[in-house]
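Below is one structure, written out as structure tokens; comments come after it.
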Amino acid sequence: MKAIKILLLFIFLAMLGFSIYKINVIKKELNASEEIKEELIELVEIPEIPSEEPSFKVDFDELKKINPDVVGWIVIEGTQVNYPIVQGNDNSYYLNHSYDKKWNSLGSIFVDYQSSKDFIDYNTFIYGHHTKNGSMFGELYKYMIESFYEKNKIFYLYTPSGNYEAEIFSAYLDSTKSESYNQSFNSVDEFNDYITMIKKKSNYNTNVEIDTTKDKTITLYSCSHESNRQKTDRYFIHAVLRRV
């Protein structure tokens, strides 16, 4: 009996030690991510909140010296989203690497590797982890509520080829097998049908008009970690790009 108690105590202490180790690793990764973010913001002089008349500029030449995979920068007011956007050779690398290509379980905000770097496709997917502390895409859940959308209908996308206002027109939760997970269209008609479908799925009506013959869209995509949700649930936030 004494031997069993000693064994259980040993197992408990081992589990406690591992838990403390994991907590410290996560804290270190969070701190590293924030430090890199602050360094980049200071380096390229990106304002925390964009002005209504966007006269700001992002020095992408300097950003690419840090990481040539940088293709843009995204800012969503009312959230912690204020990050560079990168694009890898696959959709795995930046799930667990930060902007400086160092290992970090928080990953980065990144564009689907199959998409054009300049956001000229019909629909470009942008991925980011859902985090409990709200970093990365951890606060996309706010767009499930219409009152938040009403105050934050537009977010900002900066790219080497120009800046955009991204006007949200649909927001909802769906599964990984959803027809919404689509970024390849053979014709304008197919794209038009897609837009009609995802508008119907939205949690609320946005009344945003989209000209599918010329408009381009982006989709913010992230996991949903609410306790009453399925592991396959994902946030879909669709926006149309308006050049500024």
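Count of the range 73-129 residues, restricted to those that are in a strand (DSSP E or B), over 18 Å from residue 240 (Cα atoms) and not hydrophobic (A, V, I, L, M, F, W, C), is 4.
For the range 150-158, indicate whether the set of residues that are of a type outside the set (A, V, I, L, M, F, W, C), part of a helix (DSSP H, G or I), more than 30 Å from residue 60 (Cα to Cα) and at pLDDT 95 or above is non-empty.
Step one: filter the range 150-158 for residues of a type outside the set (A, V, I, L, M, F, W, C), giving 150-153, 156, 158.
Keeping just the survivors that are part of a helix (DSSP H, G or I) gives 150-151.
Within this subset, residues satisfying the condition of being more than 30 Å from residue 60 (Cα to Cα) are 150.
From the residues that got through so far, the ones that are at pLDDT 95 or above too are 150.
Scanning the range 150-158, I find at least one residue that is of a type outside the set (A, V, I, L, M, F, W, C), part of a helix (DSSP H, G or I), more than 30 Å from residue 60 (Cα to Cα) and at pLDDT 95 or above, so the answer is yes.
Being not in a helix (DSSP H, G or I) and not β-branched (Val, Ile, Thr) is a description that applies to residue 205. I'd like to check something: does the range 174-181 contain any residue that is more than 21 Å from residue 120 (Cβ to Cβ), among the aromatic types (Phe, Trp, Tyr) and assigned to a loop (DSSP other than H, G, I, E, B)? No, there is no match, as no residue in the range 174-181 is more than 21 Å from residue 120 (Cβ to Cβ), among the aromatic types (Phe, Trp, Tyr) and assigned to a loop (DSSP other than H, G, I, E, B). Against the numbered list (1) farther than 18 Å from residue 116 by Cα; (2) in a loop (DSSP other than H, G, I, E, B); (3) aromatic (Phe, Trp, Tyr), residue 185 comes up short only at (1).
For the structure I just gave you, tell me whether residue 213 is of a type in the set (Ser, Thr, Tyr), part of a loop (DSSP other than H, G, I, E, B), surrounded by fewer than 20 Cβ atoms within 10 Å (Cβ to Cβ) and modelled with pLDDT of 95 or more. Break it down into steps so the answer makes sense when it comes.
Values: of a type in the set (Ser, Thr, Tyr): yes; part of a loop (DSSP other than H, G, I, E, B): yes; surrounded by fewer than 20 Cβ atoms within 10 Å (Cβ to Cβ): yes; modelled with pLDDT of 95 or more: yes.
When the stated conditions are applied, residue 213 passes them.
The single condition from (1) closer than 18 Å to residue 121 by Cα; (2) in contact (Cβ under 8 Å) with a residue 60 or more places away in the chain; (3) basic (Lys, Arg) that residue 214 fails is (2). Between 198, 218, the distinction of being closer than 28 Å to residue 104 by Cβ, β-branched (Val, Ile, Thr) and modelled with pLDDT of 95 or more belongs to 218 only.
Candidates in the range 74-93 are the residues that are of a type outside the set (Asp, Glu) and more than 11 Å from the chain's Cα centre (by Cα); of these, the one that is surrounded by the fewest Cβ atoms within 10 Å (Cβ to Cβ) is 89. Close Cβ contacts (under 7 Å, 6 or more residues apart or on different chains) running from residues in the range 177-195 that are without any contact (Cβ under 8 Å) to a residue 60 or more places away in the chain to residues that are aromatic (Phe, Trp, Tyr) and surrounded by 14 or more Cβ atoms within 10 Å (Cβ to Cβ) comprise 180/236; 182/194.
The values are calculated or read from the model by the stated rules, or taken from the named source; none is laboratory data. In this text, all values refer to a predicted model and were calculated from it rather than measured experimentally. All Cβ positions, glycine included, derive from the backbone under ideal geometry; neighbour counts span all protein chains shown.
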